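Participant: This is the structure I want to talk about, given as structure tokens.
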Amino acid sequence: MGGLKGQHIVLIVGGGIAAYKAPDLVRRLAERGAEVRVVMTRGAEHFVTATTFHAISHHRVYHSLWDTETESGMAHLQLARWADIVLVAPATAHLIAELAHGFAGDLATTLALATDARLVLAPAMNRRMWRHPATGINVETLAARGARILGPATGELAERESGPGRMLEPVEIAQALDGAGPLAGKRVLVTAGPTEEPIDPVRFVGNRSSGRMGYAVANAALNAGAEVTLVSGPTALAPPSGAKLIPVRTAGEMAKAVDEHIADNELFISVAAVADYTPKQPAKDKIKKTGKTLTLELVRTPDILAEVAAAKKRPYCVGFAAETTDVVEHARAKLREKKLDLICANRVGDEHGFGREDNALVAISADGETDLGHGSKQVLAERLIALIAERLPHESG
Ligand code: CTP
């Protein structure tokens with residue numbers, strides 16, 4: 001991510017209990033060389049005072065759109081231009097909803113709408129609010145526009161509950177933004193999305209992959225400090241900011257892009273739903289409906305993951321197995337056949353998987369299974385990356 005030294009960060013503090021950690025966050029960001037200006041929402045003022053932020057950031061704290069103290073009363077435009085990163089921490093369910101829908105009712109949201117800076121969110125809320133489909137869709141909407149999502153962590157929440165929803169610790173947020181997490185200095189190549197295999201100039205054979213899981217994995221790898229190349233089939237998603245995107249359409253193009261970029265990567269995570277077959281000879285012109293039936297001859301595509309895993313000098317290889325039945329058994333067979341280090345078994349077809357918000361994953365290696373549980377693709381991706389980061393130095397040699 002290039003580090004935080006000299007970066008201008010506007011920290012928007014939302015109105016949640018985790019706001020009490022925001023002063024420490026200002027300190028941690030400043031320690032890493034960032035310049036920080038603080039914008040408080042009205043809700044935040046219930047949890048922490050402007051005086052605290054003023055003392056720690058050594059700058060005035062911004063609250064209102066209608067602030068006559070600021071030159072020409074246009075704080076939102078000045079801050080919007082000044083910022084390299086707009087960091088929302090804690091990002092409450094309400095603030096996430098406002099940002100997803102482009103509301104501009106206060107300084108924080110107006111500023112977020114008026115800036116070209118990278119948007120980074122550290123969500124914090126009650127676990128039921130985090131799991132609510134409304135929040136899930138809002139987070140996905142922001143991620144699809146390229147926002148980085150840091151966390152939330154699973155753990156003890158307010159009201160004596162526990163589950164996903166806890167804001168990452170300030171030191172973790174600062175580390176993630178500084179590219180200093182457990183994958184710092186590592187290069188990771190991720191494939192994502194479907195492929196489209198042309199039948200004729202207007203038709204293709206495709207699949208229902210949305211690309212969300214692969215993009216969530218790329219986002220989580222960035223959060224862990226990795227340098228990420230994302231080779232993606234056609235999706236409606238914006239790549240997470242900081243990733244190098246290589247857009248492709250067909251399995252053949254994806255194989256070529258991976259081949260060209262895989263050298264020097266320590267880790268390959270193959271999340272793409274690559275077509276196994278492609279039309280042998282796509283028609284030059286649009287096929288007319290002449291006969292009662294139409295037969296397409298399909299030929300096998302290259303198995304990108306198996307080819308990377310078979311190379312002499314190879315990265316740590318992680319596959320995904322989308323299965324509808326005997327999920328773990330089939331995945332285990334693929335682990336062996338493709339000679340992978342790790343495979344994630346992913347149930348698709350019912351309430352999980354392709355095109356859905358939620359997922360359930362089991363990570364399988366030669367020495368056993370780790371249940372990554374059930375949750376949003378974002379949360380599962382963070383857990384998967386944490387697991388890979390633990391194993392990487394030992395297993396890749
Ligand atoms: N994969 C790949 N290139 C292909 C097909 C699959 O790189 N041509 C990768 C996928 O990205 C995934 C893994 O291989 O990580 C498993 O893909 P999947 O389609 O589930 O397995 P297949 O081996 O194709 O088996 P089948 O379709 O028969 O279930």
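The values are calculated or read from the model by the stated rules, or taken from the named source; none is laboratory data. Since the structure is predicted, the reported quantities are computational estimates derived from the model, not experimental observations. Note that we place each Cβ from the backbone using ideal geometry, even for glycine, and neighbour counts take in every protein chain shown.
Participant: Quick one: would you say Ala322 is away from the ligand (no atom under 16 Å from the Cβ), in contact (Cβ under 8 Å) with a residue 24 or more places away in the chain and closer than 28 Å to Leu380 by Cβ? Steps first, please.
Facilitator: On the way: away from the ligand (no atom under 16 Å from the Cβ): no; in contact (Cβ under 8 Å) with a residue 24 or more places away in the chain: yes; closer than 28 Å to Leu380 by Cβ: yes.
Against the criterion (away from the ligand (no atom under 16 Å from the Cβ), in contact (Cβ under 8 Å) with a residue 24 or more places away in the chain and closer than 28 Å to Leu380 by Cβ), Ala322 does not qualify.
Here's the yes/no breakdown for (1) of a type in the set (S, T, N, Q); (2) within 8 Å of the ligand (Cβ to nearest atom); (3) closer than 27 Å to Ala184 by Cα; (4) free of Cβ contacts under 8 Å to residues at least 40 places away in the same chain:
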{"site": "Leu245", "(1), (2), (3), (4)": "no, no, yes, yes"}
{"site": "Ser270", "(1), (2), (3), (4)": "yes, yes, yes, no"}
{"site": "Val299", "(1), (2), (3), (4)": "no, no, no, yes"}
{"site": "Pro302", "(1), (2), (3), (4)": "no, yes, no, no"}
{"site": "Val327", "(1), (2), (3), (4)": "no, no, no, yes"}
{"site": "Glu337", "(1), (2), (3), (4)": "no, yes, no, yes"}
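Participant: Shifting gears a bit: Do we have Glu260 as more than 11 Å from the ligand (Cβ to nearest atom), in the same structural domain as Pro315 (by TED's automatic domain parsing) and either hydroxyl-bearing (Ser, Thr, Tyr) or touching a residue at least 40 places away in the same chain (Cβ under 8 Å) (or both) here? Spell out how you get there, then give the answer.
Facilitator: Details: more than 11 Å from the ligand (Cβ to nearest atom): yes; in the same structural domain as Pro315 (by TED's automatic domain parsing): yes; either hydroxyl-bearing (Ser, Thr, Tyr) or touching a residue at least 40 places away in the same chain (Cβ under 8 Å) (or both): no.
The answer is no for Glu260.
Participant: What is the residue count in region 173-198 for residues that are farther than 20 Å from Val318 by Cα and surrounded by fewer than 19 Cβ atoms within 10 Å (Cβ to Cβ)?
Facilitator: Step one: filter region 173-198 for residues farther than 20 Å from Val318 by Cα, giving 173-180, 196-198.
From what's left, surrounded by fewer than 19 Cβ atoms within 10 Å (Cβ to Cβ): 198.
Residues meeting the conditions: 1.
Table: residues versus (1) in contact with a strand residue (DSSP E or B) (Cβ under 8 Å, 6 or more places away or on another chain); (2) among the β-branched types (Val, Ile, Thr); (3) modelled with pLDDT of 95 or more.
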| position | (1), (2), (3) |
| --- | --- |
| Ala89 | yes, no, yes |
| His101 | no, no, yes |
| Ala122 | yes, no, yes |
| His132 | no, no, no |
| Gly146 | yes, no, no |
| Gly155 | yes, no, no |
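Participant: Go through (1) under 16 Å from the mean Cα position of the chain (by Cα); (2) crowded, with 20+ Cβ neighbours inside 10 Å; (3) in a helix (DSSP H, G or I); (4) at pLDDT 90 or above for Leu95 and report which single condition fails.
Facilitator: (1)
Table: residues versus (1) touching a strand residue (DSSP E or B) at 6+ places or on another chain (Cβ under 6 Å); (2) within 21 Å of Asn207 (Cβ to Cβ); (3) of a type in the set (Lys, Arg).
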| residue | (1), (2), (3) |
| --- | --- |
| Asp303 | no, yes, no |
| Glu307 | no, yes, no |
| Lys312 | no, no, yes |
| Val327 | yes, yes, no |
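Participant: Taking strands (runs of 3 or more DSSP E) that do not extend beyond region 286-387, which have at least 3 residues that are of a type outside the set (D, E, K, R)? So that I can check it myself, show each step before the final result.
Facilitator: Working: elements: 298-300, 316-323, 342-347, 358-365, 368-376.
By residue number, 316-323, 342-347, 358-365, 368-376.
Participant: Give me the residue from region 213-261 that is closer than 23 Å to Gly3 by Cβ and among the hydroxyl-bearing types (Ser, Thr, Tyr) and, out of that set, surrounded by the fewest Cβ atoms within 10 Å (Cβ to Cβ).
Facilitator: Restricting to residues being closer than 23 Å to Gly3 by Cβ and among the hydroxyl-bearing types (Ser, Thr, Tyr), the top hit is Ser241.
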